[in-house]
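Everything on this sheet refers to the single structure shown next.
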Amino acid sequence: MAKAGNNLIIGVGGSVLAIDSVTGDERWRTKLKGMRGFVTIHETPERIFAGVSGELWCLDRKTGDIQWHNKLKGLGLGVVAFTDTNALVAIAAAEAAARAAAAAAS
C-alpha cells in the first residue's frame, strides 16, 4: 500500500484503486486489462507503477489513467518486485505465486 496525497493506493484482483484515506471513498479504479492476481505497487510523486502476473503498468497518480504497459516479454508470469516493497508484501507475493504455480501444475 502507498499513499498518494490524501489517497491510499492499493492493488487487488488485477486492479489499482485510490481510496480516500479519511473517508474510505473510492476516488478511482483502474483494471489492468485482463489481469488477475496479486498486484505490487511502487509510486513516485507523479506516477504509480503496478506489477501483476509478470507485467508492468504505469498509471497517472491523480487519475489512474494508464500511461504505458510493458509485458516484460520472456520473463514469465511471476510477481513483479520493486526495491521498496516491504518484506511482508514480498513474502505474501511469493506465497501467492507459489500457490498459483502449484494450481497450474495440477
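Of everything in the range 79-106 that is part of a loop (DSSP other than H, G, I, E, B) and open to solvent by less than 80 Å² (accessible area, probe 1.4 Å), the residue that is modelled with the lowest pLDDT is Thr85. For the range 53-77, taking the residues that are assigned to a loop (DSSP other than H, G, I, E, B) and open to solvent by less than 40 Å² (accessible area, probe 1.4 Å), the one that is nearest to Phe38 (Cα to Cα) is identified as Ser53. Take the residues in the range 6-29 that are out of contact with any Lys or Arg (no Cβ under 8 Å at 6 or more places or on another chain) and part of a loop (DSSP other than H, G, I, E, B); name whichever of them is most open to solvent (accessible area, probe 1.4 Å). Here the answer is Val22.
For every residue, the table says whether it meets (1) in contact with a strand residue (DSSP E or B) (Cβ under 6 Å, 6 or more places away or on another chain); (2) under 12 Å from Gly14 (Cα atoms).
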| site | (1), (2) |
| --- | --- |
| Arg27 | yes, no |
| Lys33 | no, yes |
| Val39 | yes, yes |
| Arg47 | yes, no |
| Lys62 | no, no |
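The values are calculated or read from the model by the stated rules, or taken from the named source; none is laboratory data. The shown structure was predicted, so the numbers you read here are calculated from the model rather than taken from an experiment. Cβ sites come from the backbone with ideal geometry, for glycine too, and all protein chains shown count toward neighbours. The protein model used for the area step is the full one, side chains on, heavy atoms only, and it has no ligands, DNA or RNA in it. Shrake-Rupley method; radii C 1.70, N 1.55, O 1.52, S 1.80 Å.
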